[in-house]
1. Restricting to helices (runs of 4 or more DSSP H) lying wholly in segment 394-496: which have 2 or more residues that are within 22 Å of Val314 (Cα to Cα) and within 25 Å of the chain's Cα centre (by Cα)?
2. Of the residues Ala173, Ala181, which is in the same structural domain as Met269 (by TED's automatic domain parsing) and modelled with pLDDT of 95 or more?
3. Could you identify the single residue in Ser330, Ser344, Ser364 that is under 18 Å from Leu389 (Cβ atoms), out of contact with any Gly (no Cβ under 7 Å at 6 or more places or on another chain), small (Gly, Ala, Ser) and assigned to a helix (DSSP H, G or I)?
4. For segment 189-241, what are the residues that are of a type in the set (Val, Ile, Thr) and either buried (at least 24 other Cβ atoms within 10 Å of the Cβ) or under 25 Å from the mean Cα position of the chain (by Cα) (or both)?
5. Being of a type in the set (Lys, Arg) and at pLDDT below 95 is the filter here; which residues of segment 211-251 pass it?
6. Among Phe283, Phe317, Phe288, which is the only one that is in contact (Cβ under 8 Å) with a residue 40 or more places away in the chain, within 25 Å of the chain's Cα centre (by Cα), crowded, with 16+ Cβ neighbours inside 10 Å and at positive phi?
7. Of a type outside the set (Asp, Glu), under 21 Å from Met293 (Cβ atoms) and more than 25 Å from the chain's Cα centre (by Cα), is that true of Thr377?
8. Confirm whether Asn262 is of a type outside the set (D, E, K, R) and without any contact (Cβ under 8 Å) to a residue 12 or more places away in the chain.
Amino acid sequence: MNNLRAAEQNGAAADPAATGGTGHAGGAGTRSRGRNLFRVLPWLYTFVRMRSFQFLLVFPAFVIFYFFILAGLAGSPVGNRNIIIVFVWILWWFLLIALMVPFFGRLWCVMCPIPFFGEWFQRMALIKVRGGRTGGTRNTMSGLNKRWPRSLSNIWIQNIGFLLLGMFFIILATRPFVSAAVLGGMLILSTGLAMVYQRRVFCSYLCPVSGFLGMYSTASAIELRPVDPDVCINCREKSCTSGSDQGWACPWFLYMGELDRNNFCGLCMECVKSCANENIGLFTRPFFSDVQMKGYDEVWKSFIMLTLALVYNVVLFGPWGNVKDWANVSQVGDWRGFLLYALSIAAICLAVVPAVWGLVTYLSKKLGRAADIGWKTLFVRYSYVLVPLGLFAWIALSVPLVMVNGSYVLAIISDPLGRGWNLFGTSGVPWTPIYPEYAVYVQILLMLAGLGFSLKKGLDIGRPMFADKRRLAWSLLPVGLFCLLVTAVFLLDFAA
């Protein structure tokens, strides 16, 4: 810890290059750095530097994951009597979106079991590090170690994957066999890609859940960053990205000296182990500190996530029976209705919402008299205001799921396969909704909080572009009205 503390003292006053309210390059303003949790909690620093750190988290998760797949294949076909449905789509989903992502970013990626076999194959080790030289790293890696195509080095595949899962969500969340098949397929695909390509290409470019986590990890209250950025710049080894005898090369292809967002940092802590300068800290920060959108793939992700949150609310809790029947095609069998449903979702996510947003930002440019700012710049930068709205919309979606269906967890623990077991004496616990009449009020408060964060982020993004406050206000007017309109649509849906 001595080198860590010395570096922190030397770099305490140094902030990364000015950005949009993040303190990192590419944004709109500056902020002071939070507390380094590795210094506040020395035991945490010791723990993450252990070679067994990630294995201790991944292996139990893998055992549970494997059991869930078996339950989906061999257990009860009734959703609320099978552990894969109750635990994955009710309990895990709520914990992930309402607690893990907002407070700890991509913490789930640390323990995610899907890349388990692929990473094991690449490293030929579960805990220890293998030094050497492979594919530009200082580690010995197995497999073909091909480079992922540059043209696919974005999140468009993740966007389409999540959109497809969204179309079939009702089937996925009610049919244990389908859930098991999808999760098992992701495990097989991840393993196969790891045998051909370098490091975690499945997680970086294909996993639909990873794209979801990447977008909303920008809201996280923590960030892994260099204590002193100058130390990274002057470092010759760059072991955080290339690996060393103490740690593996970053599975996410990141270089700590240029890390300015949470989107792709999986918090595996390999860089903490490999950094000879002990120059990496885990810092606290305000919510929604990253306000950068770096490409159209990320912008469209925000459109897809916001739209699907509304679709799920309509299908799961809305009064429109026809829509529910179309979505539940495996039971109802109305394939024409499902085709209309799926095509409508795709059109709204990929064309309608982007077109409306294009009009909003066009008006923002005109009203703000932004002759010196390109429309595309406003289209991309202002789109971050949709991230807080989207995150809180997803949390608002998950709240009634837990309040209405949470009691299934107690029963399913004793009878995970729906075979009539009573392992812990709780299988007879009846379905008991938890104050469902208050769910709508919780949802309203959550959406209003999301609106508040969105409007605040709009100001943070707009200030560096508009020095004149009057122009800034006129520029933000269409953006703010759009956020208000979206919020109103959600509130009306909640009350329907």
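The values are calculated or read from the model by the stated rules, or taken from the named source; none is laboratory data. Not measured: the values here are computed from a predicted model. For neighbour counting, all protein chains shown are included, and Cβ atoms are generated from backbone atoms with ideal geometry for every residue, glycine included.
1. Those helices (runs of 4 or more DSSP H) span 439-462, 469-495.
2. Ala181
3. Result of the check over Ser330, Ser344, Ser364: Ser364.
4. The answer is Thr191, Val201, Val209, Thr218, Ile222, Val227, Thr241.
5. Quick first cut of segment 211-251, residues of a type in the set (Lys, Arg) only: 225, 236, 238.
Within segment 211-251, Arg236, Lys238 meet the criteria.
6. Phe288
7. no
8. So Asn262 does not fit the description; no.
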